[in-house]
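Q: Take a look at the following structure, please.
The values are calculated or read from the model by the stated rules, or taken from the named source; none is laboratory data. None of the values given here were measured: they were computed from a predicted structure. Here Cβ is always computed from backbone atoms with ideal geometry, including for glycine, and neighbour counts include all displayed protein chains.
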Amino acid sequence: MGMLCIAVLVIMGGADAVYGQSSGFTAYIYPVGNLKPTDSIPTLKIGDIAPDFTLPAVEGGKISLSQYRGKKNVVISFVPAAWTPVCSGQWPGYNISKNLFDKHDAILLGITVDNIPTLYAWTKQMSNPDEKLWFPVLSDFYPHGAVASRYGVLRSEGVAERALLVISKDGIVRYIDVHDINRRPLLEDLARALEEASNH
Amino acid sequence: MEGNKRRIVSTLCILLAVSLLSVTASFGAESITVLGGSVKSDSGGNQGIPTIELPMPVSEQGKSYLGLSGTGNFKIGQIKSQVLIIEIYSLYCPHCQRAASRVNELLRLIQERPDIKEKIKIIGIGVNNSMYEVESYRERYKVPFPLFPDLTMEVSQKFNVRGTPTFIGLKVNGKGMLEKFYFAEGGFQDAQQFLMEIIQLSGLK
């Protein structure tokens, strides 16, 4: 049972089902139940300059958004929290889709409001021995959720939304998807957004 | 009075049980005990397993492997094979990612044996995955057997799948109908050993 990704099925109103697929060991994934789809006030819109930030990375050191200016398109993936169902089954998909990001000359920055030790344990558990996470995972822990807040994706309970933003090399926000927190965004939607951003 | 009440309650319980049984019978449901659970058949299509329809593979190679032709949907009972191994997986599941090379190895082992090559086929079903996500997985792991999306999870729910990867073994029984003989959550460590298990449990000759 350890070698199993558990599918958490929450039946909503009969036919509609929410599927949270968590990676890793069943016992470690905290069942959050069905949450309010979105719970934050937008602060950014398409065409805005993406606010710069500097956050500590799990691999050590700090990462600033501005270091990619003029060099890489940037995808920011905010996820609510480590050790929760859908989040644990989102980044592993991006981890094996590096080609998609490379194709569009893009880097992925994964951000949660968890602290570094938590993110260390979680990402270590979700990655393969043969395939370590290729993208930086950043901690927006202290001041708590400051970056998520600036990006308008901090929920009232203090975790981030499940949000994807694409920022083109010129630092402009080209795509915002504050997704239903209970669902995983489709990869093709991100692919389309990257295609569009890479044209700028 | 108490005795009468008990008799009435007992009679009601029996009537309820009988009516439930007749409802089940009217749907032609047949419960088959399998490793790790049970599944109910429906009245049409393949006796012993749910009716599963999948989109026809786009590639001629995929169609040829499964012995199919045409367009639209097909029922898994139409696949030309005595034994069908179904892997329920997801692009987003690290354990499926880890298992990918072993499942490819399983297909290679089958293809290398002329005695079973046409008798055992493999398909993958990407639970909660779109076609794009299925193709991304195929490309990443060079999956040589047909993969199908199950974005709405209809297929995986019909098989009562709770986690990924899950491996399901179906076989054509003596009556020419599909029957489930294997159901296991989690991957396998050794493709050769898994193949031997499948051959043994299916009774393939």
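Q: Being over 12 Å from the mean Cα position of the chain (by Cα), farther than 18 Å from residue A:200 by Cα and among the aliphatic types (A, V, I, L, M) is the filter here; which residues of segment A:63-114 pass it?
A: Correct list: A:63, A:96.
Q: Could you give me the residue pairs with C-beta distances under 9 Å whose first residue belongs to segment B:79-98 and is more than 7 Å from chain A (Cβ to nearest Cβ) and more than 16 Å from residue B:53 (Cα to Cα), whose second residue is among the acidic types (Asp, Glu) and in a helix (DSSP H, G or I) wherever it lies, and which are 6+ apart or on separate chains?
A: Close Cβ pairs satisfying both conditions: none exist.
Q: A follow-up question, please. Are there helices (runs of 4 or more DSSP H) fully within segment A:62-136 with at least 3 residues that are of a type outside the set (A, V, I, L, M, F, W, C), more than 14 Å from every other protein chain (Cβ to nearest Cβ) and over 20 Å from residue A:30 (Cα atoms)? List them.
A: Output list is empty.
Q: Every residue in segment A:137-148 that is in a loop (DSSP other than H, G, I, E, B) and either at pLDDT below 95 or buried (at least 21 other Cβ atoms within 10 Å of the Cβ) (or both), please.
A: A:140, A:145
The rows are residues; the columns are (1) surrounded by fewer than 18 Cβ atoms within 10 Å (Cβ to Cβ); (2) at pLDDT 95 or above; (3) among the small types (Gly, Ala, Ser).
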| residue | (1), (2), (3) |
| --- | --- |
| B:39 | no, no, no |
| B:47 | no, no, no |
| B:53 | yes, no, no |
| B:92 | no, no, no |
| B:121 | no, yes, no |
| B:124 | no, yes, yes |
| B:133 | no, yes, no |
| B:136 | no, yes, yes |
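Q: Can you name the residue in segment A:159-178 that is in contact with a helix residue (DSSP H, G or I) (Cβ under 9 Å, 6 or more places away or on another chain) and more than 19 Å from residue A:66 (Cα to Cα) and, of all such residues, is nearest to the other protein chains (Cβ to nearest Cβ)?
A: A:162
Q: Could you count how many residues in segment B:113-151 are over 19 Å from residue B:66 (Cβ atoms) and more than 10 Å from chain A (Cβ to nearest Cβ)?
A: Here the count works out to 1.
Q: Taking segment B:163-192 as the search range and keeping residues that are among the hydrophobic types (A, V, I, L, M, F, W, C) and either free of Cβ contacts under 8 Å to residues at least 24 places away in the same chain or part of a strand (DSSP E or B) (or both), which one is farthest from residue B:126 (Cα to Cα)?
A: B:172
Q: Moving on to the next point. Within segment A:101-127, how many residues are touching a strand residue (DSSP E or B) at 6+ places or on another chain (Cβ under 7 Å) and at negative phi?
A: 15
Q: Can you name every residue in segment B:58-69 that is crowded, with 16+ Cβ neighbours inside 10 Å and either part of a loop (DSSP other than H, G, I, E, B) or in contact (Cβ under 8 Å) with a residue 12 or more places away in the chain (or both)?
A: B:62, B:65, B:66, B:68
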